[in-house]
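**Student:** Below you'll find the structure I mean.
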Amino acid sequence: MEPFKVPKKINRHVLKAIDFLQTSRTDLVSIAAIQDRVKHSLRYTKHVENLEDVVIDSLKRQTELGIITRKGSSVYTMAFGFPGLHSKKVNRHVLKALEFLQQAGNDIVSVGEIQERVKKTIRRTKPVNNLDNVVLEVLKTQSELGLIRRLGSSQYALNRAFQGLRSVKKEAGERCNDSLTVNEIAGVRKILLKAKNRQIQRKPRVVRPKPGTVKTETSPGNAPDIICENLYMMDRPLHGMNTEEILK
C-alpha cells in the first residue's frame, strides 16, 4: 500500500495555524487547537476527507523534516531553526528601523524604540500577529548572525561592517552622477511605451475578379461589370503543342 500524501495546502495551513496560535516561540500548541484552526481557515475551500487525520499526518511529516518540534504527546511548537512565516518582512523593517534611529543621533537603540518604529512602518501592510514578540525573535536571530550588536539586556546597534554596506542618505539637492535627469527618464519611458505597443502591419486587400468578369481601373465602383467574350490567342506554343491543336 502506497503512503498517503498530505496535500500542500494542508501543510501550509498547519504552519499558519501554529504561527497564529503561538504568542512566542516557546509557547506550546495542542493538536486540538491546531485542528480547529485549520478547519476554520479551510471553511471556504474544497472539502477534505478525514481532515483531523490529515492534520496529524502533516504534523508528523513536518516534525520529521525539522520544521516543527514535538513536545510531549500532543503539543507542538515551531522549530528554533525555522525562520518563521513573517521573518522576511520583519527582518527588513527591523534593519530599517535601526538605521533610521541611529541616523537620528542615537548610537544605541532600545527594544521599545525599535518596536514602535516597526509598528509605524508596517502599519499599512498585512498585520502580523504578536508583532512585539516577533521583533524580539528577529533581533535575537540577527544578533546571532552578526548583523547587529547587542549592548546590554535591551539595547542594540547595527554592526559596523554591515552599517558600511547600507546606503547612506544623500543631502537635499545632491544627486549621483550616474542617475538620470527628468527629461532623460521621460524619453526612456516614451521609448519603452512605443516598444510595448505592438505595431501590426496590415497588407492591402486585393480584390480578385470573378471568372468571366473584369473591372477596369478607371471605371467607378458602381459601374457595371464588363463581360469578356473575346478569346485571346497565344502566339507561342504551350508545352510543345500549337494553339490550334489545343483548341481542337
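Every read-out reported here was derived from the displayed coordinates using simple, explicitly stated rules and does not represent laboratory data. Being a predicted model, the structure only gives us computed values, none of them experimental. For neighbour counting, all protein chains shown are included, and Cβ atoms are generated from backbone atoms with ideal geometry for every residue, glycine included.
**Student:** How large is the charge dipole for the range 8-78, taken about the Cα centre, if only the Cβ atoms of Lys, Arg (+1) and Asp, Glu (-1) carry charge, to the nearest 20 debye? Could you put the intermediate results ahead of the total?
**Tutor:** Working: 13 positive and 8 negative charges, 52 e Å.
Taking the Cα centre of the range 8-78 as origin, the dipole is about 240 debye.
**Student:** What pairs from K60/K126; K126/K190; K16/K89; K16/K120; K60/K119 go past 27 Å between their alpha carbons?
**Tutor:** On the way: K60/K126 30 Å; K126/K190 35 Å; K16/K89 16 Å; K16/K120 24 Å; K60/K119 35 Å.
Over 27 Å Cα-Cα: K60/K126; K126/K190; K60/K119.
**Student:** Still on this structure, I have one more. I want to check the label-to-label distance for K9 and K39. Put each point 7 Å from Cα in the C-beta direction and report it in nm to one decimal.
**Tutor:** 1.8
**Student:** Moving to a separate point now. Hey, rough spin-label estimate for L151 and N50, points 7 angstrom out along Cα→Cβ, what's it come to in nanometres?
**Tutor:** Result: 5.9 nm between the two label points.
**Student:** In the range 125-156, whose amide N lies under 14 Å from the spot 7 Å out along Cα-to-Cβ of N106? List them in ranges.
**Tutor:** So the set is 151, 154-156.
**Student:** Need one number: nm distance between label points at I31 and K16, each 7 Å from Cα along Cα→Cβ, rounded to one decimal.
**Tutor:** Each label point is offset 7 Å from its Cα along the Cβ direction, giving 2.3 nm.
**Student:** With 10 angstrom as the radius, rank I18, I10 by how many other C-beta atoms surround their C-beta, starting from the fewest.
**Tutor:** Starting with the residue having the fewest Cβ neighbours, the order is I10, I18.
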